[in-house]
Ligand SMILES: C[S@@+](CC[C@H](N)C(=O)[O-])C[C@H]1O[C@@H](n2cnc3c(N)ncnc32)[C@H](O)[C@@H]1O
Ligand code: SF4
């Protein structure tokens, strides 16, 4: 294991960790092509998708969710996918209008939409902006054409740069995603690519290590030995370089894979990681809703047309609705909160878990440099701990 430099001392400055907000997530489940690494709920259709029918279903499911949540004030909206930029601006407009009819939606809240560089047209971007979208998150993935082809992307670097320029021109806020730890990627290559990315970025970047997900074409190739990804040591070196470069450039990590200038953190994602409430609308969307001390976990049918049929028949596509025990909530709070450089609030965790962290296990993890206390009230992972986050959580969990 390489030594990993400590996190910059700053914490996310967006929102309040103890008042994590209420987000609305809307899932658009279609893509123009399926990327070979991706296991998100995304589907390719060779016939045009009936967007009006989907809008009617989104609105119907919102009505059902509104009955579950009661009146609430929305702090952020996120349209994810799939490829939401395949939606017509009128579809986006209808979804946002629906949300504003069901919940209190103050002016100026963060409204993010994911977009693929290959599905970007200036006119559509302007339409999304007119509908109320004020933040766009672009799936750039790589800044060289060889790796974009390897990742099965439909765009090239030129398209990506065009999309970045257009997004910067039209939206007040913009982020983009890159995937690193690609086969044979050297630190020097990643270093150069990341510096270039930082120069194009406004105030936010999502930098994901390539994960080989079961059931994807990459999984089969990897298993057959035809696709070799960097080992643990090399991944740690690449992660370390990522932390160093982004911190030096003024966009340090505030979460395992997310980097922002202070104040430009994603409000919506902070709601997830601070274990706030959110409704999930659309195929395969998840939600977490508080009801007194209880937290209800919801999940909808994943298959788009099956979801559509269920919503048309029953007013919602919820196939799983579970009341989480306090110990399960404590585990989720830990799993989400330790992703953040601000860590978790120990009093909040203790109230759910019914106990503090086991002193021996905590000391062991501190001694090995995986976690640290921030004063008396918060516990967080070190960068080295972030690299083995699941193991750290498993060690501390209920
Ligand atoms: C839900 S995807 C949607 C983004 C958009 N559809 C696109 O691809 O441009 C969000 C991001 O997750 C990341 N991602 C998806 N699968 C991944 C994998 N197996 N390993 C690492 N990152 C992945 C990609 O960076 C992607 O942009
Ligand atoms: S990475 Fe994005 S474009 Fe590719 S299949 Fe997944 S959701 Fe679709």
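Bear in mind these aren't lab numbers, they're just calculated from the coordinates by the rules spelled out. In this text the structure is predicted, and so the values were computed from the model without any measurement. FYI the Cβ positions are ideal-geometry reconstructions off the backbone, even for glycines, and counts take in every protein chain you see.
Observations on the model:
- Gain upon complete extension [residue 44, residue 306; 0.36 nm per residue less C-alpha separation]: 92.8 nm
- For the range 326-398, the Kirkwood estimate of the hydrodynamic radius, built from every pair of different alpha carbons, is 11.8 Å.
- Residue order, fewest to most beta carbons within 10 Å, for 64, 186, 271: 186, 64, 271
- A compact globular protein would have a Cα radius of gyration near 2.2 N^0.38 Å; the ratio found for the chain is 0.97.
- Estimated distance in nm for a label pair at residue 104 and residue 199, the labels positioned 7 Å out from Cα along Cα-to-Cβ: 4.7 nm
- Ordered by the count of other Cβ atoms within 10 Å of each Cβ, fewest first, 63, 158, 240, 301 give 158, 63, 240, 301.
- Mean shadow area of the range 267-312 over all directions, Cα convex hull, nm²: 3.8 nm²
- Order of 135, 248, 129 - criterion: other Cβ atoms within 10 Å of each residue's Cβ, fewest first: 248, 129, 135
- Per-pair calculated FRET efficiency, R0 = 35 Å: residue 325 and residue 377 via Cβ, rounded to 0.05: 0.90
- Counted over the range 69-128 with a bin width of 10 Å, the fraction of Cα pairs per bin, in whole percents, is 21, 50, 25, 4.
- Label sites at residue 184 and residue 154, each approximated as a point 7 angstrom past Cα along Cα to Cβ, lie 2.8 nm apart.
- With the convex hull drawn over the C-alpha atoms of the range 252-398, the volume per residue is 130 Å³.
- If you take the alpha carbon atoms of the range 100-158 and fit the smallest convex hull around them, that volume is 101 Å³ per residue.
- Förster radius 35 Å - calculated FRET efficiency between residue 286 and residue 241 (Cβ-Cβ, nearest 0.05): 0.60
- Label positions at residue 90 and residue 122, each projected 7 Å from the Cα along the C-beta direction, are separated by 2.3 nm.
- Alpha carbon centroid spacing (whole Å) that separates the range 275-331 from the range 336-372: 28 Å
- Equivalent-ellipsoid semi-axes of the range 81-185, from the Cα gyration tensor, Å, largest first: 28, 13, 12
- Residue with peak Gaussian network fluctuation, the chain [Cα springs, cutoff 10 Å], from 300, 91, 14: 14
- Evaluated at q = 0.21 Å⁻¹, a Debye calculation over the C-alpha positions of the range 176-319 (equal weights, vacuum) places log10 I(q)/I(0) at -1.14.
- Value of [θ]222 nm, deg cm²/dmol, for the chain, DSSP H segments ≥ 4, -39500 (n - 2.57) each, nearest 500: -12000 deg cm²/dmol
- Difference of contour (0.36 nm per residue) and Cα-Cα distance, residue 63 to residue 221: 52.5 nm
- Cβ-Cβ FRET estimate between residue 144 and residue 213, R0 fixed at 22 Å, reported to 0.05: 0.45
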